[in-house]
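In what follows, a structure is listed as structure tokens, so that the remarks can point back to it.
The values are calculated or read from the model by the stated rules, or taken from the named source; none is laboratory data. Not measured: the values here are computed from a predicted model. Methodologically, a virtual Cβ is constructed for each residue, glycine included, from the backbone with ideal geometry; neighbour enumeration extends over all protein chains shown. Just the protein is used for accessible areas: all its heavy atoms, side chains included, with ligands, DNA and RNA removed. Shrake-Rupley method; radii C 1.70, N 1.55, O 1.52, S 1.80 Å.
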Amino acid sequence: MTSARSEAHEPTRAQRWRVPLVAAVLAVLPWIAPSQALAVNILIYGLYATGFNLLFGYMGLLSFGHAAFLGAGAYGAGIALARFGVGWFGAIAIGVAASGLLAVLIGALSIRSRGIYFSMVTLALAQLVYYVAFQAESWTGGENGLRGLTVSSLRIGPLSLNFLDPTIKYYVIFGFVTAALWAISRLLNSPFGATIEAIRENEGRAQACGYDVRRMKLMAFTLSGLVCGLAGALDALHLSIVPIDTLYYQTSGLAVMMALLGGAGTFLGPFVGAAIFLLIEDSFSLWTSHWQLFVGAIFILAVLFLPRGAWGTLVAWRADRRA
Amino acid sequence: MAEPLLAITDLNAWYGPAHVLQGVSLHVGRGEIVALIGRNGVGKTTTIRAAMGLVAKRTGTVRFDGAEIGPRPSHARFAAGLGYVPEERRIVPGLTVRENLRLGLLAAGAGAAEEGRAIDEMARRFPRLGERFEQEAITMSGGEQQMLAIARALLSRPKMILLDEPSEGIMPALVDEMADLFLDLRRGGTTLLLVEQNVELALEISDRAYVLDQGRVVHEGASGILLADPTIRDRYCGI
Amino acid sequence: MSRTLTDLDRRTVLGGGLAALAAPALLLRAARAADEPIRIGFPTPLTGPFGAEAKDQVRCAQIAVDQFNAAGGLNGRKAELLVRDDKLNPGEAATRTLELIEQDHVACIVGSLSSSVQLAVNEVTKARGMLYVSISQSDTITEASDFGRTTFHEALNPHMTAGAVARHVFKPGMKVAILLADYAYGNEMAAGFRRAAAAIGGVEIVLEQKHPFGTADYSTFLPRLRSVKPDVVCICNFGRDQANSIKQAVDFGITRQARIVVPVLLYNQRLAGSPEAFEGIVGGANYYWTIEDRVPSAKAFNDAYRAANNGAVPSDYGAYGYSGVRLVLEAMRRAGGVGTDAVVRELEGYHYDTCKGPETMRACDHQAIQSVLILQSKAKAAMKSAADLFDVLAIEEGSEANLRSCADLGHKT
Amino acid sequence: MRQPVPPLESSASADTVLAAEGLGKRYGGFVALADVSVAFTRGRLTAIIGPNGAGKSTFFALLSGAATPSSGRIRLEGADIAGQAQFRFARMGIARSYQITSLFPELTAHENVRVACQAVHAPARRDLWRGRSHYRALVEEADAALAQVGLLARRSRPASRLAHGEQRALEIAVALAGRPKLLLLDEPTAGMSPEETKEMMDLIARLATERTVLLVEHKMKLVMGLAERIVVLHQGRLLASGSPDDIRVHPEVRRVYLGEGRSGRG
Amino acid sequence: MEIDLIAVQLFTGVALGAVFVLLSTGLSIIFGMLGVVNFAHGAFYMTGAYAGVFFLALTGNFWLALAAVPLLIGALGLGVERLLIRPLYGRGPDYPLLLTFGLGYVLVEIVRILFGTDGVPFETPALLSGGIDLGGLGYFPAYRLFVIAVTAVILLLLWLLLARTRYGLIIRAGARDPEILSILGIDIARVWLLVFGLGTGLAALAGLLAAPMRSVNPEMGVAVLVEAFVVTVIGGMGSLLGGAIAGMLVGIVVSLTALWMPEMSTISMFALMTLVLLIRPQGLFGRGLAR
């Protein structure tokens, strides 16, 4: 995969400012996006694609099963809310944990295979999760989806926020997403971030240097799953339902498309990709029911002519100009 | 003066950002054995891979048998009569010796009878291979595999063969056998361009030689003269 | 964060910096609200396997809106239909519904086609006190756990359709096998057959064969189905699943020994399948255009549709679209405004006839009590035109006796 | 017919860092290495020679943990480590360089080495949170290794954009990272100019004063001048082992490897 | 009675397996030769069924369609390889995978535009409609027997092609080392082109054969793609024999689960795959984790 420049050991100016930068853009997003619901989707799917990118862009593993982690986060949080009456914050934590646990399981199975096999194995395992969730109707609501988890107000200490208010909802979710991005940014700057890049660059050499490559892959897989799980939990809170489609393999494909459109292996690329994708879908589906034709075609063109993605091309262009 | 069979002019080649060949020019006359010598990594293999059209990024001209073949793909060069025995021999795993040999005849589209005749002839020429026709080819020893690779290239009766390190990893006894084979081929009218690390061997059997260093030709001349020049060996050859 | 900002039409605001400038516009908007059109949000799956049904729903809903406007609207206020593609995806539907409520300020939502999508829309509307008229089949939505004060179900439900078909087909002494898709909707349909069989008495259910939802090949379920030698096979699934399973059941010779019945026989799915595969299949429906010879409102609806669509006839799901929109607009007119509470009061217990004869909106669970058509698919030779697909075997008039009681649904009565 | 002349010296002693005992490797039916026993003494530079296909690469792969032996033992300071994962070999202090340059191409020269240092530094290796620069010692160690191979000036350049010779040097620096007990160098001078080769020889000689070095090399002159001990492999078996002088006169080695005729000196 | 039922069920599983085999073969051939995971395989399958609809409307002859559809969609595959996939060779295996993923969307949408979203009827050809009494197995649709036979014939032909012809030798050698073929005068780009066409032609044939059994609609390739992946992963990617055995195995496992645990019958193939992966990550007949 087209890779980003390595994270220098001293964070560059761009790296130090990337989280504040994305936070600033996202802070004004509701006022520039066509609708607030779309802005929330950009937050959530941007985070989802970023989680996916952790594995794909930074470690070079193309998973086609990340829907499982988005879904596990959503169902985990949703079931905690709807069936056990857990508070909203606890529910998010449970969603993230559920997704992390699932990632350990699927990761342990799938990292045994490489390259394209890895993609197919993750795809098939995620489908297995989908069918299991479909059957476990008493827990998940099956095909009808999970319902009864509407959170209408958030209690934060003495404060009570009206979560049905779209603006408040947006900024609550914004808070979580920004915090997650900050954590991911730190993670990428950490020694672990260096390790996964090294494994992407040359797995054999990393092994010879003394890295337990399997373990590192599993860790990256799990972290990626945790991030996607958070996105899923937030999505459950946002939509107040968990549709079974969350787990379907086309949701996995969505992460791939978004990361690639924006620029895999760049920090902001997945967010840019999510925004592009959702805006295209939103605007095209208003005037034609054949919007998938355009989405598919744009994706094909991106693979052919813009393999670094929109943001990735910009980053590379700037780097070239500096060099 | 007759046009040489192969004439390479100002060949440049890149692997990624690395500029591996920087203006290599050389020619091989009909019926000649020409050696290309130099240390590891100076561009010998790249030169013949580029001549065969196997290097993606390259510039310069390659004329073969009176025609410019620079832009042509590898398989068209083969069709023009240019054979190539790559360094790693490239015996295809999973195929028998016979099947590996048949690969050399695929492009000709020979009929079964014709194919059988050609293969039988090779069996006479390389009795070691003839004994092992139904064996999986990669289970043979390095020398036998090298013989197979050469036999495979010979089946289509090329005008010229590019040989990359034919003596590498081969028992001394076999190396001598191979040297005799090359001389024999020349007598039969086949032109050879030989890349060799074994400088003595290369210079002893070749008519002329080019010395490559850092992607450039730094010396050329009759093999006998180069062989007599100890500084060539010391400076440019990897021993 | 200022609460007022959220009420702005965001398309007019270019950035956060401009937000402050927009405050005067807000006052203007309040003043204008009275003569603004009544917006009806209409999520429907234009993309996906039910695209044809969805497009027909839109056509029919538009007829209802046009008729309302032609009749003077609500004291001069016109209605406007905002169609959104829900892509048959509950998440998408929820997002579109949020947009319709938060940004387009619709007066109500009408629509949806699948069980899961309507439940998703319902989840969003009921939390926000938004009026929602569902026009797709589901037993769940009127049950107490999913029911909302502002939720109305204009469509039939599996209990009603399966019951009506069973009452028409089942006879004492019959052996009945059920093939059902293993998800809520499939189980609801099967339950409908089971209850009806018990009520009739003497009907033996010899097998309930479940299959996973979305199966492409049913052959693996058919040998056992055949081995119990039923007189009637009830196929309890929907759409593609139904078309596939019927076709394969016929292939495996089920129809040589048994009669196949389905709770819902869809107009468009029959078109997508072949007349041979469907020949003789009996099923229920909310609407079929030929009832116009006995139901005057159907005639009026068909004529309006024919006029707008070059003489074509509306489909069953199209009729839902018309009925749902017309119902809510009529209630608004009678309430004299779009205030949710007033409209809900009007709708509860409302007697009406939109296109298929008299209906009543039951007050306790907001389920429309209405007739069920029993249709039989015609043989190819018997079809007089491309739209002549079914014989109407019977019309079971709407009756509360055929519904589950509100107590059964968990409502406090 | 191929009864090998007994090795000149092979028994382990107290000074042995690494010892191969009856080491063998087969791939399917193909025997790549059979029954090789050699002991490597602390602080010495040993060269492994032999014609192509003699089993040098296999031997090397086994000693560095990249491949698992089919038979025999590998003892590191007495403990059998055969069968352990390759990364454990590295963490126990066995580092290797590659004949065909094997780096992290998109990472800078510095980052290449620093990542390698980090691999054998447990706290850093496990750290997911603090910045990379938090571990000053690793940064300094990496720069020191770069300085040792003369690449400090190039530290911020991506490995893929270094010249061939520089990449070879970086290859060594990566192997040096984490101060291994045992350094396995696979043809470190492959494709180098005489000047570069000379520098590399000097570097290897310096390195060998501080640690045990194993060297696979083709260039006999380099090997004879540098190694204190030479191990000769032939057709997957140990042919001989001893001082350069012993090897030079070893009859079997002369016959199969060094040679006498025109096809000789490979 | 139960034993009879099991026998019928096994046989039904074989018929189901035949479809799986047909489906995975094209996928496997393309992967084995080009190293491309064709995510548009399901879409080509669907396109094959629609091409059949088109041909039937044109000629009314199923047998003509059976011959023409694989050629037509095979030709479409040639165009796709030439225009879209070829520029991606050498850029890593992920790119063709991603491109075909996008292509799947485009093909489905084009079919929706041309043929509508509803799906279209597809009659069983008159000659093969009805059933055959298989003694103890009872009545069995003749068309499914035909599909089993066609699958067997296709497998036999493929085996003959690979084992006995020079094209087979080219393909076998090219799967291991494409460059050596270039050196020996074979236009490898053309071989890849043709193999891609062959793979898509097989997908189309599978779709056409499935059309009279299942309904024809634009989404019919979606679930099928994942099923083909599962079969291919179980069999070992790139292995023709593996795909054939895995296809039958999956068919039988799904069929028997349908008998005893019907709700689990879809899950069963994924469970089987997980089990196989635990024991042999490269699949039953895979060549290991290379590539």
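Label-to-label distance, B:Glu204 versus A:Arg321, with points set 7 angstrom from Cα along the beta-carbon direction: 6.3 nm.
The residues of the protein assembly as shown have, on average, 34 Å² of accessible surface per residue, using a 1.4 Å probe with all protein chains present.
Show me the three semi-axes of the equivalent ellipsoid for segment A:17-249, from the C-alpha gyration tensor (sqrt of 5 times each eigenvalue), largest first, rounded to whole Å. List each step's numbers first, then the result.
Numbers: eigenvalues 181, 99, 39 Å².
The three semi-axes for segment A:17-249 are 30, 22, 14 Å.
Evaluate E = 1/(1 + (r/R0)^6) for B:Glu134 and E:Thr59, where r is the Cβ-Cβ distance and R0 equals 51 Å; express this FRET efficiency to the nearest 0.05. E(calc), rounded to 0.05, equals 0.55.
Full extension from E:Arg166 to E:Leu66: what is 0.36 nm times the residue separation minus their Cα-Cα distance, to one decimal in nm? Numbers along the way, then the final one.
Details: separation 100, 0.36 × 100 = 36.00 nm, distance 2.63 nm.
My answer for the length gained is 33.4 nm.
Could you tell me what a quarter of the Cα convex hull surface of the protein assembly as shown works out to, in nm² with one decimal place? Working shown, then result.
On the way: hull surface 243.0 nm².
Computed as one quarter of the Cα hull surface, the answer is 60.8 nm².
Taking the longest Cα principal axis of chain C as reference, the axis of helix C:296-308 is set at about 70 degrees. Close amide-amide hydrogen proximity is noted between B:Gly60 and B:Asn12, each under 5 Å apart and 5 or more residues distant or on a separate chain (H modeled in the peptide plane; Pro and chain starts excluded). Counting only Cα atoms, segment A:178-323 measures 55, 42, 27 Å along its principal axes, largest extent leading. Across peptide B:194-203, the mean count of Cβ atoms from other chains lying within 10 Å of each residue's own Cβ comes to 2.
The calculated FRET efficiency for the pair A:Phe89 and C:Thr360, based on their C-beta separation and a Förster distance of 60 Å, comes to about 0.85. Spin-label model, C:Ser399 to A:Ala179: label points 7 Å out along the Cα-to-beta-carbon direction sit 6.0 nm apart.
Considering the zone a paramagnetic label at B:Ala18 would reach in this model (a point 7 Å from Cα along the Cα-to-Cβ line), which residues of segment B:44-66 have amide N under 12 Å from it? Counting backbone N atoms under 12 Å from the label point, the list is B:44-46. Over segment E:69-114, the Kirkwood radius and the radius of gyration, each from Cα atoms, give a ratio Rg/Rh of 1.02.
A simple spin-label model places the labels of E:Ile132 and C:Gln257 2.1 nm from each other, with each point 7 Å out along Cα-to-Cβ.
C:His351: net charge of surrounding residues, Cβ under 12 Å, Lys/Arg +1, Asp/Glu -1, itself excluded? Each step should come with its number before you reach the end.
Values: positive: C:Arg334, C:Arg362; negative: C:Glu330, C:Glu346, C:Glu348, C:Asp353, C:Glu359.
Residues close to C:His351 contribute a combined charge of -3.
The 3J(HN,Hα) values that the Karplus relation (6.51, -1.76, 1.60; θ = phi - 60°) gives for segment D:113-129 are, in residue order, 6, 4, 4, 5, 4, 4, 4, 9, 10, 3, x, 5, 4, 8, 8, 10, 10 Hz. Gly and Pro appear as x.
Starting with the highest mean, order A:114-121, B:183-190, C:322-329 by the number of other Cβ atoms within 10 Å, averaged over the residues of each peptide.
Values: A:114-121: 23.4, B:183-190: 13.6, C:322-329: 27.5.
Descending packing order for the listed peptides: C:322-329, A:114-121, B:183-190.
Please give the Cα centre distance for segment B:44-70 versus segment C:257-327, rounded to the nearest Å. Their Cα centres are 72 Å away from one another.
Quick check on chain C: what are the equivalent-ellipsoid semi-axes from the Cα gyration tensor, as sqrt(5λ), descending, whole Å?
Working: eigenvalues 322, 95, 83 Å².
Semi-axes, largest first: 40, 22, 20 Å.
Peptide D:76-88 has a mean shielding of 2, counted as Cβ atoms of other protein chains within 10 Å of each residue's Cβ. Calculate how steeply helix E:41-59 sits against the longest principal axis of the alpha-carbon atoms of chain E, using the helix alpha-carbon long axis, and give the answer as 0 to 90 degrees to the nearest 10. Computed tilt is about 70 degrees. Each peptide among C:82-94, C:190-202 gets the average number of other Cβ atoms lying within 10 Å of its residues, and from highest to lowest they stand as C:82-94, C:190-202.
Each of the trypsin sites (Lys or Arg not before Pro) that DSSP puts in a loop and that has at most 16 other Cβ atoms within 10 Å breaks chain D; the longest unbroken stretch is D:45-125. Here the alpha carbons of segment D:103-179 define both size measures, Rg and Dmax, at 11.7, 36 Å.
For peptide E:194-203, what's the mean number of Cβ atoms from other chains within 10 Å of each residue's Cβ? Write out the running numbers ahead of the final one.
On the way: counts 0, 0, 0, 0, 0, 0, 0, 0, 0, 0.
Across the residues of E:194-203, the mean count of other-chain Cβ atoms within 10 Å is 0.
Taking every full run of DSSP H in chain A, the ones that stretch at least 18 Å from end to end by Cα along their long axis and average 0.0 or higher on the Kyte-Doolittle scale are A:13-32, A:36-56, A:67-84, A:88-110, A:115-135, A:166-189, A:213-239, A:249-262, A:269-287, A:291-305.
Computed from backbone phi, the HN-Hα couplings of segment B:207-223 come to 8, 10, 8, 10, 10, 10, 8, 6, x, 10, 7, 10, 8, 8, x, 5, 4 Hz, rounded to whole numbers (Karplus: 6.51 cos²θ - 1.76 cosθ + 1.60, θ = phi - 60°; Gly and Pro given as x).
Once you list every other residue whose beta carbon is under 10 Å from the beta carbon of C:Gly129, what net charge do they have if Lys and Arg are +1 and Asp and Glu are -1?
Working: positive: C:Lys126, C:Arg128, C:Arg149; negative: C:Asp341.
Local net charge: +2.
If both residues of a DSSP beta bridge must be in the protein assembly as shown, then about 50% of such bridges are antiparallel. In this structure, the amide hydrogen of C:Arg259, modeled 1.01 Å from its nitrogen in the peptide plane, lies closer than 5 angstrom to those of C:Val232, C:Val233, counting only residues at least 5 positions away or on a different chain. As a calculated quantity, the FRET efficiency between D:Thr68 and D:Arg179 at R0 = 30 Å, using C-beta atoms, amounts to about 0.70.
Tell me the Kirkwood radius of chain B: reciprocal of the mean inverse pair distance over distinct alpha-carbon atoms, in Å.
Details: mean 1/r = 0.0549 Å⁻¹.
It works out to 18.2 Å.
Here's the list of lysines a cross-link from C:Lys299 could span, going by alpha-carbon distance under 29 Å and ignoring same-chain residues fewer than 8 apart: C:Lys55, C:Lys78, C:Lys356, C:Lys378, C:Lys380, C:Lys384.
Among E:164-173, E:14-23, C:61-70, what's the highest-first ranking by average C-beta atoms within 10 angstrom per residue? Each step should come with its number before you reach the end.
Details: E:164-173: 17.8, E:14-23: 26.1, C:61-70: 19.7.
Descending mean neighbour count gives E:14-23, C:61-70, E:164-173.
Considering only B:Ile225, B:Leu192, B:Ala202, and ranking their Cα positions along the charge dipole of segment B:155-239 that arises from unit charges at the beta-carbon of Lys, Arg, Asp and Glu, the one farthest toward the positive end is B:Leu192. With Cα atoms as the point set, the radius of gyration and Dmax of segment C:65-159 evaluate to 13.7, 41 Å.
By the scheme Lys and Arg +1, Asp and Glu -1, what is the net charge of all other residues having a beta-carbon under 12 Å from that of B:Ala80?
On the way: positive: B:Arg63, B:Arg72, B:Arg77, B:Lys159; negative: B:Asp65, B:Glu68.
So the environment of B:Ala80 carries a net charge of +2.
Spatial offset of segment C:144-160 relative to segment C:331-392 amounts to 14 Å, using the alpha carbon center of each.
Summing both sides, the accessible surface hidden between E and A at a 1.4 Å probe radius is close to 4200 Å². Hull volume per residue, based on the alpha-carbon atoms of segment E:14-218 and their convex hull, is 125 Å³. Label zone (B:Arg30, point 7 Å along Cα-to-C-beta; backbone nitrogen cut-off 17 Å) within segment B:172-187: B:186-187. Taking amide H positions as modeled 1.01 Å from N, with prolines and chain starts lacking one, the residues under 5 Å from D:Val36 and 5 or more places away or on another chain are D:Gly22, D:Leu23, D:Gly24.
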